[in-house]
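Q: Below: one structure in C-alpha cells.
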Amino acid sequence: MTNKKCVAMLLAGGQGSRLGVLTGKLAKPAVPYGGKYRIIDFPLSNCINSGIDTVGILTQYKPLELNDYIGSGKPWDLDRSNGGVHILPPYQGQKGGDWYKGTANAIYQNLGFIERYNPKFVIVLSGDHIYKMDYSKMINQHQNSGSACTISVMQVPYDEASRFGIMNTNPDDTIYEFEEKPKEPKSNLASMGIYVFSFDKLKKYLIEDENNKNSSNDFGKDVIPAMLNNGEKLMVYRFTDYWKDVGTVDSLWDANLDLLNPKIHLNLSDPNWKIYSRTSALPPHHITDSAKVENSLITEGCFVSGKIDYSILYENVRIEEGATVEYSLVMPGAVVKKGAVVKYSIIAENVTVEENASVGEEPYYNNADEWGIAVVGEGLTIGKGAKVGAKQMITENVKEGEII
Amino acid sequence: MRANAVSAVIFSNSNDIALKELTENRSMSSLPFGGRYRLIDFALSNLSNAGISDIGIITKENYRSLMDHVGSGLYWDLDRKRGGLRIIPPFITGESQLNGFADISKRAAEFVSRLNSEYVIVCESGTVANFDIGAFIAYHIEKDADITLFYRKAECADKFKNTIKFDIKNGKIVGAVKANRSSESGNYSLGTAIFKKSVFLNFAEFSKSKKSEDAFLTLISENKNNYRIYGFEHKGFAAVIDSRKSFFESNMKLFSEDVRKDLFNKERPVFTKTRDDMPTRYGIFSDVKESLVADGCIIEGTVKNSVLFRGVRVHKGAKVENSILMQGVEVGENAVVRYVVADKNSVITANTPIKGTKHKAFIVKKNQVL
C-alpha cells in the first residue's frame, strides 16, 4: 500500500431524525438533493476535486441504499486499486464488537483502516452539508501552521450563533475554547463539522478518549476539548463560500431552492469543480404543448405537461396536464396527476398525488409559526381530492377526499 | 447458454456519406441522437442488455470521437476482464479499402476467430431501436438457422435510401433487393444479423472476393438455397438513419410518449456516457413547448418542437423552433432558429435569424459561429 498524504473519513451513520419521514428508509447522506444528486455527492466530489482519493465512509443507520449508491465509487472516480472509497460499517472483533458509540469512536474503531495508508493527515467530514470546498487549501493551512487540528468555520449572524458549535479564537485564529450551542456566544465562528488532524495526534487522542469511561466519544464534546486542555495548537480555517446544513425539512427545502436563486452562485456543473453523482440511464425530459415551466430545475426522465414554477423535479417525475407544482421539490419517480396542486412541499420518492388532490399551502404571513413545508413520505399515495395542509408530515397513505 | 457464447461486431461507419455535413469529423456511430445519445449507444445497449460483452467495433475513419465516447465501455458495463469492448482500427495493408459488410467481415473474421463464441451478431450503426437480442438469439437457435436478420414491416410512407428489402416466406428470407428509395410497404432490414460462427467465417471469406458494397445482399441472393436464412421481426419503434431527412424526422419522432416508452424501455435501458451536468435550468422568461431537453441546459427564451442536447444555452428573447441543437450550442438573445440542425458547440449570435425548411433543415457545422 503506498502512503497517502491525507485520508478522508466521512461520517455517514447519522439518522437525520429531524428530516422525519424523508430519512425513514435511508441514511441522511443518501437523501436526494438538487434534482439528481444526493447529499453525500458533495463531500465525495469535494474529496476527489481536492486530490483526496482515499475515503472511508462510516455507515451505521439504514446503510442499504447508501451502500448501493456508493458501489465501487466509480461515479466519483474513487474506484482505485490503491485507495479509493471503502464502506466501513461497525464490525465484530475477537473481543466482540459494538455499534459506533459516537463520532470519535467510529473513527477509533477504524484506525486500522487509516494506518494501512500511513497518512500525515486525516480529514473528518460529515454527510449533512451542501458546499463546494477545496480541502487541499485547508490541509495546506494546517500543515503550514503546524497545528494538531484545524477546524473549518463559517461566520454566522450572532443571533443564530447559539444554534451552532462556536469556536472562540485568539487574534491569530488559534482556538482557545469550543462551546457547543452557547446561550451567549462570544464569537460567531460556527464549526462546519470539518476537521483536519495530524494523524499522530488524532490517534493519540482517540486512544485516550476510548480509555476515558466518562467520554461520550464525540469529536465536538470530548476530543476537541481534551486537545485544548492539553495545550495543543488548534486553528480555525475560515470558509466564506456557500455552505448549508440540510439537517431539517426547512433547510433542505431552502438549500434546494437556493439553486434557483440567481444571487447564489452554486454551479454544480462548473468544469473546475463538478459535483458528481450516480445517475441512471434516462432519456431527456419531455415538456409537452400544455406545459408551462418557469424558474425551475428539471432533470432527465421527467414528463411535464402541467405548470411548474420555482420548483425542482428529480428524475422520472411525471406532472400531468392541469397539475400545478410551485415552490416544491418533487423527488425521483413521483407522479402528480391531473388537476392536483403541490405548493411549498417536499414530495418524496415514488409518491403519487392523485387527481385534484392538494399538498401544502402558501405561507401564512400573519401566523408564521403555524406554517411550514409539507412533506409526503416515500411511496405514499395522496388520494383523489384529498387535501394536505401546511407543515404536515405524511407517513401513511391519505384516503380519497380526506383532509389533513 | 454459457457466458460469451455470443460475440458481436459493430460497423461504425455505415452510411457515413449520406450525412456528410454531420459526419465530416465523426463516424456514423458517434452521430448525436435524441438529446443525449450517440447512435452506437443503441447497438451497445442492446447487446449489453442481452448479456453480450465480447464486442468489437470495426472502424474506418474519423473514429476519434467514437473512441472518446465509448472509452473502455464502462457506461454500457462493457469494461470487462473477460471479453469486453474492443475497437478494431483499420490495418494499412496496401489493399484497396473495402466497404460495407465486406470490410466488416474481413477484419471481424480475424477478431471473431480468436473468440470462443458459437454465434456472431453483426450490427450496422445507423439503426435506432431497442431490440430484444435475447429473443433474437433464442429464435436463431430454435430455427437452427445459419443466419437470422432483424427486419420490420414498414408502411409506404417511409422512404429508404440504402436499406435492403427482404422477401420472406414462412419465416425464411428467400430474396433480398436494395430498396433504392422505394416507397412500397414491405419487410425492411434493420442492419442487424446473427450468424453461426462457422457461417460467419465462410461469409467473410466469400465477401473478400466481392468488391460490391453489398456483399451481404449478394450473400443472400447467391446463397439463399445453401443457407438457412431467417427473418426476425422487430415490432417496436425503429429508425434507420441514412439521410439528413431521416435523421431530422427520427429525432422528432421521440416527442411521442409511446415511441419513448418503447425505445427507452425500462427493462432494457439505453446507456450512454455521462457528463455530470446539473439539471436543466428554466429561467423566469422561458417558454418551452413540445420539446425534449437533456440536462445542463439554461433556457431563458422560447423553444418549440425541438430537441436540445446537453449544455445548450438559449438566451432571452431567442426563438428556437423545429430544430435540433447539439451539445453546447448557444443561441444568442433574440436570435431566431427554425428548421436547423446545429452541431456541437456552434453559436448562433444575438439577433441572427437562421432558417431551414421543413424539407431541408439548415445545418450549422461543429464549432461554427453564425
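The values are calculated or read from the model by the stated rules, or taken from the named source; none is laboratory data. This structure is a prediction, so every number in the text was calculated from the model and none was measured. Glycine also receives a Cβ, built like all others from the backbone with ideal geometry; neighbour counts cover every protein chain displayed.
Q: Looking for something more than 12 Å from every other protein chain (Cβ to nearest Cβ) and under 18 Å from the mean Cα position of the chain (by Cα) - is there at least one such residue anywhere in the range A:214-229? So that I can check it myself, show each step before the final result.
A: In the first step, residues of the range A:214-229 are kept if they are more than 12 Å from every other protein chain (Cβ to nearest Cβ); the result is A:214-229.
Those still in the list that are under 18 Å from the mean Cα position of the chain (by Cα) too: none.
Checked the range A:214-229: no residue is more than 12 Å from every other protein chain (Cβ to nearest Cβ) and under 18 Å from the mean Cα position of the chain (by Cα).
Q: Among (1) free of Cβ contacts under 8 Å to residues at least 60 places away in the same chain; (2) surrounded by 16 or more Cβ atoms within 10 Å (Cβ to Cβ), which single condition is A:Ile114 missing?
A: Among (1) free of Cβ contacts under 8 Å to residues at least 60 places away in the same chain; (2) surrounded by 16 or more Cβ atoms within 10 Å (Cβ to Cβ), A:Ile114 violates only (1).
Q: For residues in the range A:31-76 being touching a Gly at 6+ places or on another chain (Cβ under 9 Å) and of a type in the set (Asp, Glu), which is nearest to the other protein chains (Cβ to nearest Cβ)?
A: Going through the qualifying residues, I end up with A:Asp41.
Q: Still on this structure: Considering the range A:250-288 alone, what residues qualify as being buried (at least 22 other Cβ atoms within 10 Å of the Cβ), more than 30 Å from B:Ser256 (Cβ to Cβ) and touching a Lys or Arg at 6+ places or on another chain (Cβ under 6 Å)?
A: A:Ala255
Q: Here is a check on your reading of the model: is A:Ser311 of a type in the set (Ser, Thr, Tyr), out of contact with any Lys or Arg (no Cβ under 8 Å at 6 or more places or on another chain) and without any contact (Cβ under 8 Å) to a residue 40 or more places away in the chain?
A: Against the criterion (of a type in the set (Ser, Thr, Tyr), out of contact with any Lys or Arg (no Cβ under 8 Å at 6 or more places or on another chain) and without any contact (Cβ under 8 Å) to a residue 40 or more places away in the chain), A:Ser311 qualifies.
Q: Which residue pairs have Cβ atoms closer than 6 Å, lie 6 or more positions apart in sequence or on different chains, and pair a first residue in the range B:339-365 that is within 16 Å of B:Ala318 (Cα to Cα) with a second residue that is surrounded by 14 or more Cβ atoms within 10 Å (Cβ to Cβ) and among the acidic types (Asp, Glu)?
A: So the pair list comes out as B:Val347/B:Glu330; B:Ala350/B:Glu333.
Q: Got a sec? Which of B:Ala145, B:Ala138 is closer than 30 Å to B:Val259 by Cα and hydrophobic (A, V, I, L, M, F, W, C)?
A: The match here is B:Ala138.
Q: When the residues of the range B:1-43 are filtered to those that are among the hydrophobic types (A, V, I, L, M, F, W, C), surrounded by fewer than 24 Cβ atoms within 10 Å (Cβ to Cβ) and assigned to a helix (DSSP H, G or I), which remaining residue is nearest to the other protein chains (Cβ to nearest Cβ)?
A: B:Leu19
Q: Let me ask something else. When the residues of the range A:32-48 are narrowed to those that are surrounded by 24 or more Cβ atoms within 10 Å (Cβ to Cβ) and of a type in the set (Val, Ile, Thr), which ends up farthest from A:Thr395 (Cα to Cα)?
A: A:Ile40
Q: Test B:Gly296 against the criterion of being within 7 Å of chain A (Cβ to nearest Cβ), assigned to a loop (DSSP other than H, G, I, E, B) and of a type outside the set (Asp, Glu), and give yes or no.
A: Here the answer is yes, as B:Gly296 does meet what is asked.
Q: Which one is nearest to the chain's Cα centre (by Cα) among residues in the range B:257-291 that are crowded, with 24+ Cβ neighbours inside 10 Å and part of a strand (DSSP E or B)?
A: The qualifying residue nearest to the chain's Cα centre (by Cα) is B:Ser291.
Q: So which strands (runs of 3 or more DSSP E) stay within the range A:149-240 end to end and still have 1 or more residues that are touching a Pro at 6+ places or on another chain (Cβ under 9 Å) and free of Cβ contacts under 8 Å to residues at least 40 places away in the same chain?
A: Counting at least 1 such residues, we get A:165-169, A:175-180.
Q: How many residues are within 16 Å of A:Met9 (Cα to Cα) and touching a residue at least 40 places away in the same chain (Cβ under 8 Å) if we restrict to the range A:72-81?
A: 1
Q: Same structure, new question: Only residues in the range B:260-279 that are free of Cβ contacts under 8 Å to residues at least 24 places away in the same chain count as the first member; pair them with residues that are of a type in the set (Val, Ile, Thr), Cβ under 7 angstrom, at least 6 apart or cross-chain, and list the lot.
A: B:Pro279/A:Ile298; B:Pro279/A:Thr299
Q: Let me ask another. Among the residues of the range A:180-238, what is the count of those that are crowded, with 20+ Cβ neighbours inside 10 Å, under 16 Å from A:Gln109 (Cα atoms) and in contact with a strand residue (DSSP E or B) (Cβ under 6 Å, 6 or more places away or on another chain)?
A: 1
Q: While we're on this one: Within the range B:238-259, restricting attention to residues that are touching a His at 6+ places or on another chain (Cβ under 9 Å) and either under 13 Å from B:Gly126 (Cβ atoms) or in contact (Cβ under 8 Å) with a residue 12 or more places away in the chain (or both), which residue is farthest from the other protein chains (Cβ to nearest Cβ)?
A: Across the range B:238-259, the extreme among qualifying residues is B:Lys245.
Q: I'm trying to understand the selection: among the residues of the range B:74-85, which are within 26 Å of B:Glu24 (Cβ to Cβ) and touching a strand residue (DSSP E or B) at 6+ places or on another chain (Cβ under 7 Å)?
A: Once the filter is applied, which keeps residues that are within 26 Å of B:Glu24 (Cβ to Cβ) and touching a strand residue (DSSP E or B) at 6+ places or on another chain (Cβ under 7 Å), the range B:74-85 yields only B:Leu85.
Q: Further, regarding this structure: As an exercise: evaluate A:Leu78 against (1) aliphatic (A, V, I, L, M); (2) crowded, with 22+ Cβ neighbours inside 10 Å; (3) part of a strand (DSSP E or B) and give the number of the one condition it does not meet.
A: Of (1) aliphatic (A, V, I, L, M); (2) crowded, with 22+ Cβ neighbours inside 10 Å; (3) part of a strand (DSSP E or B), only one is false for A:Leu78: (3).
Q: Where residues in the range A:20-30 are over 10 Å from A:Lys62 (Cβ atoms) and crowded, with 23+ Cβ neighbours inside 10 Å, which of them is modelled with the highest pLDDT?
A: Per the stated criteria, the residue is A:Pro29.
Q: Report, by residue number, each residue of the range B:347-366 that is surrounded by 15 or more Cβ atoms within 10 Å (Cβ to Cβ) and under 23 Å from the mean Cα position of the chain (by Cα).
A: B:Ala361, B:Phe362, B:Ile363, B:Val364, B:Lys365, B:Lys366
Q: Here's another thing I want to ask about it. Condition check: small (Gly, Ala, Ser), modelled with pLDDT of 95 or more, crowded, with 23+ Cβ neighbours inside 10 Å and farther than 21 Å from A:Lys36 by Cβ. Does B:Ala294 satisfy that?
A: So B:Ala294 fails the test.
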